[in-house]
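In what follows, a structure is listed as structure tokens, so that the remarks can point back to it.
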Amino acid sequence: MKPVILLTGRNGQVGAELLRLLQQLGEVVALGHDQLDLSNPADISRTIRELRPQLIVNAAAYTAVDQAETDETAARAVNAEAPGLMAEEAKKIGAVLVHYSTDYVFDGTKEAPYDEMDATNPLNAYGKTKLWGEQAIRKSGLPHLIFRTSWVYARRGRNFLLTILRIATEREELRIVSDQVGAPTCAADVAAATTKILSRIFERNNRSFVFSDVGGTYHMSAAGQTTWFDFAETILEEAKATAHNLDWLAAATQGRRLITRRVIPISTKEFGSPTPRPAYSILSNTRLNQTFGVALPDWRSQVKQCFVFDSIAADRCAD
């Protein structure tokens, strides 16, 4: 009998991709904000107690980094308190939990990729609330998997990919930050890697992966590294080179042509964001690969794949 899987954040970037893939593993009950308000503790407890899932995959989050600075209470409710309560309720019914966190739990002062044992020191409210969520899950004692990812984007939602495509139809010149280093990671690849890992854990007669033995925190991000400036240039290069009539691309540009002629690199200081961000947030994915044999593709190949077909392949995570 296949497990019942509760998926939160079904309309989000990672959640929408997970909804498509997790159905091969079990009976998926996927809920968005309208069906499950993560700022409402009673709603969370009632939902879990009624559904009694064997697996909870929490793909919901408060991801508005700048807005979190002025609305930390709301960010904390969704990013910290809700995951902690999910873990407590899951423990009562013998379920397990998969949760997503962020590279922004680090301060960016390291000069080599961060591994899971490195000290955390978030610079902003978003990073702090995500770290508090991790800590609450660990404190519960529930078997869990926490996947930290970075610079997530998708063909839907609000993200850097879609923002660049939109403003490239409005401005001849773009000024993009070039002194923050990270690894842009496609939501589809995060979902594919998660599904591959879970399929191995829940595979019948598989004694190699027992959830309680392999649980913990793992980094899950694209290979390679870049800056927001190079990421923007790559997006525009792929968009201009594509010969395909992609529905998502037409929606992102509202059917208008790209008019950007120049992309100018600027510093974080010149950009003038009120929210501090880590200057370097590359994650080491060694533990993920050593434990599960899973490695996400290079960030450039992930971007390129977005512009190939309307359906992103779900099996691109290397073994």
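The values are calculated or read from the model by the stated rules, or taken from the named source; none is laboratory data. The structure displayed is predicted, hence computed values, not measured ones. Cβ sites come from the backbone with ideal geometry, for glycine too, and all protein chains shown count toward neighbours.
List of remarks:
- Assessment of the range 161-171 against the conditions (out of contact with any Ser or Thr (no Cβ under 6 Å at 6 or more places or on another chain), of a type in the set (D, E), in contact (Cβ under 8 Å) with a residue 60 or more places away in the chain and outside any helix (DSSP H, G or I)) yields at least one matching residue.
- Qualifying residue in the range 250-273 (condition: assigned to a strand (DSSP E or B) and loosely packed, with under 15 Cβ neighbours inside 10 Å): yes
- Set side by side, the residues A82, A75 differ, and just one is surrounded by 15 or more Cβ atoms within 10 Å (Cβ to Cβ) and either among the hydroxyl-bearing types (S, T, Y) or more than 21 Å from G215 (Cβ to Cβ) (or both), which is A75.
- For the range 112-123, the count of residues that are under 22 Å from R10 (Cβ atoms), among the aromatic types (F, W, Y) and in contact with a Phe, Trp or Tyr (Cβ under 8 Å, 6 or more places away or on another chain) is zero.
- The number of residues in the range 33-67 being surrounded by 15 or more Cβ atoms within 10 Å (Cβ to Cβ), more than 15 Å from G9 (Cα to Cα) and small (G, A, S) comes to 1.
- The one condition in (1) modelled with pLDDT under 95; (2) under 23 Å from A191 (Cα atoms); (3) in contact with a helix residue (DSSP H, G or I) (Cβ under 8 Å, 6 or more places away or on another chain) that A239 fails to fulfil: (2)
- Note on the range 92-108: among residues that are surrounded by fewer than 23 Cβ atoms within 10 Å (Cβ to Cβ) and either among the small types (G, A, S) or in contact with an Asp or Glu (Cβ under 6 Å, 6 or more places away or on another chain) (or both), the one that is modelled with the lowest pLDDT is G94.
- Residue check for D189: surrounded by fewer than 17 Cβ atoms within 10 Å (Cβ to Cβ) and either in contact (Cβ under 8 Å) with a residue 12 or more places away in the chain or more than 29 Å from F271 (Cα to Cα) (or both): no
- Residue match in the range 74-89 (condition: closer than 26 Å to T234 by Cβ, modelled with pLDDT of 95 or more and under 14 Å from the mean Cα position of the chain (by Cα)): no
- Restricting the range 87-115 to residues that are assigned to a helix (DSSP H, G or I) and among the charged types (D, E, K, R), the residue that is farthest from A61 (Cα to Cα): K92
- Taking the range 1-54 as the range and being among the hydroxyl-bearing types (S, T, Y) and part of a loop (DSSP other than H, G, I, E, B) as the test, only S39 passes.
- Residue-level analysis places T234 outside the set of residues that are of a type in the set (V, I, T), assigned to a helix (DSSP H, G or I) and surrounded by fewer than 17 Cβ atoms within 10 Å (Cβ to Cβ).
- Lone qualifier among E270, E203, E238 - being under 24 Å from the mean Cα position of the chain (by Cα) and among the charged types (D, E, K, R): E238
- When the range 193-227 is limited to residues that are out of contact with any Ser or Thr (no Cβ under 7 Å at 6 or more places or on another chain), hydrophobic (A, V, I, L, M, F, W, C) and not in a strand (DSSP E or B), the one that is modelled with the highest pLDDT turns out to be A193.
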